[in-house]
Every structure is written in structure tokens, then in C-alpha cells.
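Reading through the C-alpha cells given below for one structure.
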Amino acid sequence: MATEVMNSSQLRIEYNHGMDLDGKPIYKAKNYNNLKTTATPDDILNAALAMAGLQQHELVVIQRNSNFDIVSE
């Protein structure tokens, strides 16, 4: 049987930077590496909301991007 082990994680916060000339929204993202692999979704949400509060642009989405190793037991 195989299991997965998280070996790295990254926080991605996307912001709305307004509209382009065609009226389409412009989104820009900030990535924060070395997110603790033990961080809970509540921990990540609280940290992301605190960082978003320092920005002038509207928060759109919060993502956690993680890499896993697949190992056999």
C-alpha cells in the first residue's frame, strides 16, 4: 500500500488589480514559500487574511500548493 508524505508547501494569495482596457479583470498573485507542512487550514486562512489586510487591492483567492512524495509502506 502506498502513502503520501508532504515535503513542501507554498501559500498563494491572488488579488484583483482592477480592469484592463477591454473590461476584463486583472489578477496578480503573491507566492510565499516555505509554508509549514503542519499548518492547518485555519492557520493559513488567518495568516493570509492578515497579509491581505496590508494590501490596497481586493483579495480574490487563497491557495495552498503542496508537493508530496509517494512512498510504499
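The values are calculated or read from the model by the stated rules, or taken from the named source; none is laboratory data. This structure is a prediction, so every number in the text was calculated from the model and none was measured. Positions of Cβ are backbone-derived with ideal geometry, glycine not excepted, and every protein chain shown enters the neighbour counts. When the accessible area is computed, the model is the full protein with side chains, heavy atoms only, and any ligands, DNA or RNA have been set aside. Shrake-Rupley method; radii C 1.70, N 1.55, O 1.52, S 1.80 Å.
Structure notes:
- Reach of Lys28 by Cα under 18 Å, taken over aspartates and glutamates that are not fewer than 8 positions away in the same chain: Glu14, Asp20, Glu58
- Degrees separating the helix 41-52 axis from the principal Cα axis of the chain, which is the longest one: 30
- Normalised alpha carbon radius of gyration of segment 2-72 [divisor 2.2 N^0.38 Å]: 1.37
- The 3J(HN,Hα) values that the Karplus relation (6.51, -1.76, 1.60; θ = phi - 60°) gives for segment 22-36 are, in residue order, 8, x, 8, x, 9, 10, 10, 10, 10, 10, 10, 7, 6, 5, 4 Hz. Gly and Pro appear as x.
- Among the protein heavy atoms of segment 2-72, carbon and sulfur supply 50% of the accessible surface, probe 1.4 Å, non-protein parts ignored.
- Each residue, Leu54 and Ser72, gets one label point 7 Å from its Cα in the Cβ direction; the gap between the two is 4.7 nm.
- Centre-to-centre separation between the Cα atoms of segment 58-73 and those of segment 36-53: 13 Å.
- The chain, accessible area per residue, ligands and nucleic acids excluded (1.4 Å, Å²): 75
- Put simply, the amide H of Tyr27, placed in the peptide plane, has neighbours under 5 Å in His17, leaving out anything fewer than 5 places away on its chain.
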